[in-house]
Amino acid sequence: MASGITHAWTRLWLPLVALLLALQITGCGDKEPEQRKAFIDFLQNTVMRSGEHLPSLSEDQKQRFGNYTADYAIIYGFSQQVNKAVEEGIRPVVDSLSAIHVPQDYLARRDVLRQSSGSLNILFQQIQSAKSQADGSKTALKQPSELKGVYDKIYNNVVSQPANTLIPLLPSLLSLSQNVVQAGDFLQQQGTRVSFDNNGVQFPTQEQAGQYNAIMSELATKIPALSQAQNLVQGGFQ
């Protein structure tokens, strides 16, 4: 009799276990559409309005977005690199270059500019590496079409466009800075043989004047890099 009851419970228990497992599997699978919807809403209503200064995710958002948190980490990580390049690399150089108005300023600003421009080449390499890494991570993503369209647009705004601006700009700005430092060094080497008057500079020989003018001519061809950098610092990439 007891054996019969045991077999009866066994017959009832096994289907019940199977049903519970099925419900658990279904429940886990159902989270993805909710996570995707929450992530798309965040991208459209928050990220698209944030420019290149993206917000970090709260713990609650990480829970709501699920695996899509990793998708966001790709663009967020690159945006942090871009912000660092602008604030720690480009802005100090732009400030120094923008403060030069007369020949004496080449002398006064050369040491500060030499130091501030030293990071530009390193930042250039970091942006190149970060862009390559972001592109590789994005290629590996498996996103539903409704999310992919939104994500691709943001990726273009946050990753592709800033990279396409910074990668050629950083070396150009470095080259301009080096020419300005060269001008300051040249004036320093002349010592008391050079005089400044009426926002100009006077040399005792034509050879010295010719050397200075050659530096100025080369420098003038690189001024567009400063204008571009000023616009970037003031208005961002949008």
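Numbers at a glance
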{"quantity": "Debye log10 I(q)/I(0) at q = 0.11, 0.23 Å⁻¹ for region 167-238, Cα point scatterers", "calculated": "-0.37, -1.00"}
{"quantity": "Ratio Rg/Rh [Cα only; Rh per Kirkwood] for region 143-202", "calculated": "1.48"}
{"quantity": "Of the trypsin sites (Lys or Arg not before Pro) in region 94-169, those whose Cβ has at most 15 other Cβ within 10 Å and which sit in DSSP loop", "calculated": "K142"}
{"quantity": "Shape of the chain, Cα gyration tensor, a/c cut at 1.5", "calculated": "prolate"}
{"quantity": "Rounded to whole Hz, the Karplus (6.51, -1.76, 1.60) HN-Hα couplings of region 101-114, x for glycine and proline", "calculated": "10, 10, x, 4, 5, 4, 5, 5, 9, 5, 5, 5, 5, 4"}
{"quantity": "Computed over the chain: relative contact order in percent, which uses C-alpha pairs under 8 Å that are six or more apart", "calculated": "24 percent"}
{"quantity": "Extreme residue, positive dipole direction of the chain, given options S56, Q143, Y72 (C-beta unit charges)", "calculated": "Q143"}
{"quantity": "Relative exposure of D95, D60, judged by other C-beta atoms within 10 Å (fewest first)", "calculated": "D60, D95"}
{"quantity": "Shape category assigned to region 128-173 from the gyration tensor of Cα positions, a/c cut at 1.5", "calculated": "oblate"}
{"quantity": "Contour minus Cα-Cα distance for Q80 and H53 (0.36 nm per residue)", "calculated": "8.9 nm"}
{"quantity": "Karplus (6.51, -1.76, 1.60) ³J(HN,Hα), θ = phi - 60°, over region 51-64, in Hz, Gly and Pro reported as x", "calculated": "x, 8, 9, 7, x, 7, 8, 7, 4, 5, 5, 4, 5, 6"}
{"quantity": "Among A38, A140, A163, residue whose mean-square fluctuation peaks in a GNM of the chain (springs only between Cα atoms under 10 Å)", "calculated": "A140"}
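A short reminder: the numbers here are calculations on the coordinates, not readings from a lab. These numbers were taken from a predicted model, which means no experiment stands behind them. Ideal geometry is used to build each Cβ from the backbone, glycine not excepted, and the neighbour counts take in all protein chains shown.
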